[in-house]
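These notes are about the structure you will find just below.
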Amino acid sequence: MEWKNMLRGIAMGTSDLIPGVSGGTIAVILGIYDRLIEAISGIFSRHWKQHLLFLIPLGIGMAGAILGLSRVIEFLLLEYYEPTQFFFIGLILGIIPMLFFEFRTRAVMRPVHIVAMVIGAILVASMAIIKPADTVIITELSTGTTILLFFSGWLGSMAMLLPGISGSFVLLLIGVYPTVISALSNLNLLIIGIVGLGVAVGFIVSSKVIRYLLGHFPGMTFSVIIGLVIGSLAVVFPGLPDTTIMWILSVLSFFAGFIIVRLLGRFSV
């Protein structure tokens, strides 16, 4: 099971490098979202060993993907932006039927749930028109930049756990995404450590909130999650390709993403 969790972590870590794509969405696709929330939330409980056995290989896979693929993602987003984004659009569209099936196992659909989905979708879709903050790559730390990077990691990790909300996009809005990608590409361990500490704290705090909501308000919580995922389509959509080759690559990438998520849905249990 450890190798499977490492592969799941690689998939989640790769998605978290891309603004607009949520590691939480990938966790839902892989069928481990509830287990992930439970494990992070319960890491300081009496069952901590059991949770760590689940989280450690997952974390190794995520860390390996984030450190090892940051340059690859930079290249793909620079040279093949539309095909890369259409791949994730295929993933997202492929997961939506699975999310509705999951909802039906938790609650009966009511008008209030539809309203929650619409609100969640609008909230995330509105991020597509928000102008990211002006960015400067931070290379030297001061008290102010250290605090900024820590809380950026905190906010980014909270977004990572919510399907449909991209932690990378939150970092982009704050203005520290180029700094984080540069630190990962150049192995600036000090900046990586500060952001990583914020991520760890954010994971623990937000996982407890999400676990409570899933336990006490499953229908409403999953309605919002579905809305967040649907709304993320507007954030990920890169516009129409300009050239024939990019059209072909984008269409192929879209269908590849859709097929992959359907296959993962069959074998994720």
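The values are calculated or read from the model by the stated rules, or taken from the named source; none is laboratory data. Being a predicted model, the structure only gives us computed values, none of them experimental. Please note: Cβ atoms are built from the backbone with ideal geometry, for glycine as well, and neighbour counts cover all protein chains shown. Ligands, DNA and RNA are excluded from the accessible area calculation, which covers all protein heavy atoms including side chains. Shrake-Rupley method; radii C 1.70, N 1.55, O 1.52, S 1.80 Å.
Observations, loosely collected:
- Single condition Glu82 does not satisfy, out of (1) assigned to a loop (DSSP other than H, G, I, E, B); (2) in contact (Cβ under 8 Å) with a residue 40 or more places away in the chain; (3) of a type in the set (Asp, Glu): (1)
- Of the residues making up segment 142-162, those that are more than 13 Å from Tyr177 (Cβ to Cβ) and under 18 Å from the mean Cα position of the chain (by Cα) are Phe151, Trp154, Ser157, Met158, Met160, Leu161, Leu162.
- When the criteria are applied in full, Phe254 fails the requirement of being in contact with a helix residue (DSSP H, G or I) (Cβ under 8 Å, 6 or more places away or on another chain), open to solvent by 70 Å² or more (accessible area, probe 1.4 Å) and in a helix (DSSP H, G or I).
- Of the residues making up segment 189-201, those that are out of contact with any helix residue (DSSP H, G or I) (no Cβ under 7 Å at 6 or more places or on another chain) and either more than 10 Å from Gly153 (Cβ to Cβ) or modelled with pLDDT of 90 or more (or both) are Leu189, Leu190, Gly193.
- Residue match in segment 141-148 (condition: over 27 Å from Leu263 (Cβ atoms) and in contact with a Leu (Cβ under 8 Å, 6 or more places away or on another chain)): yes
The rows are residues; the columns are (1) of a type in the set (Gly, Ala, Ser); (2) part of a helix (DSSP H, G or I); (3) closer than 19 Å to Ile10 by Cα.
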position: Arg71; (1), (2), (3): no, yes, yes
position: Phe86; (1), (2), (3): no, yes, no
position: Ile96; (1), (2), (3): no, yes, no
position: Glu102; (1), (2), (3): no, yes, no
position: Arg106; (1), (2), (3): no, no, no
position: Val112; (1), (2), (3): no, yes, no
position: Ala121; (1), (2), (3): yes, yes, no
position: Ala125; (1), (2), (3): yes, yes, no
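- Residue in segment 72-82 that is open to solvent by 60 Å² or more (accessible area, probe 1.4 Å) and either closer than 22 Å to Lys208 by Cα or small (Gly, Ala, Ser) (or both) present: no
- Here is the figure for segment 209-251: residues that are closer than 18 Å to Tyr81 by Cα, surrounded by 16 or more Cβ atoms within 10 Å (Cβ to Cβ) and not aliphatic (A, V, I, L, M) total 5.
- Of the candidates Gly156, Gly120, the single residue that is of a type outside the set (Ser, Thr, Tyr), out of contact with any His (no Cβ under 6 Å at 6 or more places or on another chain) and within 29 Å of Gly68 (Cα to Cα) is Gly156.
- Total residues in segment 151-188, condition closer than 22 Å to Ile40 by Cα and either in a helix (DSSP H, G or I) or at pLDDT 80 or above (or both): 15
- Inclusion of Gly231 among residues that are in contact with a Leu (Cβ under 8 Å, 6 or more places away or on another chain), over 19 Å from Ser70 (Cα atoms) and in a helix (DSSP H, G or I) is warranted.
- One residue stands out among those in segment 11-51 that are hydroxyl-bearing (Ser, Thr, Tyr) and not in a helix (DSSP H, G or I): the one that is least open to solvent (accessible area, probe 1.4 Å), which is Ser22.
- Ile66 vs. criteria farther than 27 Å from Gly215 by Cβ, touching a Phe, Trp or Tyr at 6+ places or on another chain (Cβ under 7 Å) and not charged (D, E, K, R): no
- Hits in segment 147-189 - residues which are out of contact with any Pro (no Cβ under 8 Å at 6 or more places or on another chain) and at positive phi: Gly164, Leu187
- Subset of segment 83-130 [open to solvent by 80 Å² or more (accessible area, probe 1.4 Å) and in contact with a Ser or Thr (Cβ under 8 Å, 6 or more places away or on another chain)]: Ile114
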